[in-house]
1. Just the number, please: Stokes-Einstein D of segment 21-154 in µm²/s, Kirkwood Rh from C-alpha pairs, 37 °C, 0.692 mPa s.
2. Using r as the Cβ-Cβ distance of residue 269 and residue 156, and R0 as 35 Å, what FRET efficiency do you calculate, to the nearest 0.05?
3. Enter the angle in degrees (range 0 to 90, nearest 10) between the Cα long axis of helix 69-79 and the first principal axis of the Cα atoms of the chain, meaning the one along which they spread out most.
4. For segment 204-281, take every pair of Cα atoms, bin their distances at 10 Å starting from 0, and report each bin as a whole percent.
5. Could you tell me what a quarter of the Cα convex hull surface of the chain works out to, in nm² with one decimal place?
6. Relative contact order for segment 213-275: what is it in percent, counting Cα pairs under 8 Å that are at least 6 residues apart?
7. Please give the peptides 94-106, 250-262 ranked by average Cβ packing (other Cβ atoms within 10 Å per residue), highest first, as a rough proxy for protection.
8. If you average the alpha carbon positions of segment 79-139 and of segment 153-223, how far apart do those two centres end up, in angstrom?
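FYI, it's all coordinate maths here, none of it is from the lab. Every value quoted in this text rests on a predicted model; they were computed, and no experiment measured them. Neighbour counts are summed over all protein chains in view; Cβ atoms, including those assigned to glycine, are modelled from backbone coordinates with ideal geometry.
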Ligand code: PDD
């Protein structure tokens, strides 16, 4: 398998990660996951913009990779013959002797990127069950950083509880889920946490907001409580991977009638129509 290593495409086996890479020691880096449909990057501009924003928030230089990033990722897609799948790429601050503050002398950031083909033997679930868990993450989760341990712990808790996803609750309100944004539907209106430092500005969330507006669905970007979550008519999550996926049970409480709701279904349909020119038949 070939991977992206700074500005080169090389065999995965040929690269060496320095043990003093700050991504490795401190989680000092950022990442993106972008879907590939029919060899094309879905919503590239939005992902790229978020990547640059994350880098700027952490003062990680992107100067050396910016120009060729998209074309290198395209080459990577072609070399690995990926039609449908995703690309994961990350940028760490680089290698320096271990000291918490950023290196005084700038070191070159380290970019790695890999593509994965869609796993047709293991498709994403058509609906999900979830648990809630305390949101113990830091207060800048709008930065798509490599620091994902609380997310990993939450997902592990979900798996151990026999469900798919863990929904974060901070100060009584629903923020998002361990690797997705969350929407509720009540009386025909969509509810989701407003954009701020407490959630990731999901690209799929952005697409869903656009589709909701096209479908004339009212959207209220306001925090709501766990109790309100249980009483939603419908709940769904969004991310690169599942796009839109209904959540039919939370903490063993059935949501709505326990199956995919009509508004969720209409958004899923609109999403797949958006993708259909991109998916080969
Ligand atoms: N995660 N919130 C969190 C905490 C996430 O980790 C993700 C995505 C999202 C949705 O973002 P987007 O729609 O841009 O994929 C929201 C990716 C898929 C991951 O870490 O693998």
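1. Details: Rh = 16.5 Å.
Rounded to a whole number, D works out at 199 µm²/s.
2. Values: r = 33 Å, r/R0 = 0.94.
Computed FRET efficiency for residue 269 and residue 156 comes out at 0.60.
3. 90
4. Calculated over all Cα pairs of segment 204-281, the distribution is 17, 47, 30, 6, 0 percent.
5. Numbers: hull surface 61.4 nm².
Spelled out: convex hull of the Cα atoms, projected over all directions, averaged, 15.3 nm².
6. On the way: 61 pairs, mean separation 16.9, N = 63.
It comes to 27 percent, rounded to a whole number.
7. Details: 94-106: 11.8, 250-262: 15.5.
Sorting 94-106, 250-262 by mean packing, highest first, produces 250-262, 94-106.
8. Each part reduced to its Cα centre gives a spacing of 20 Å.
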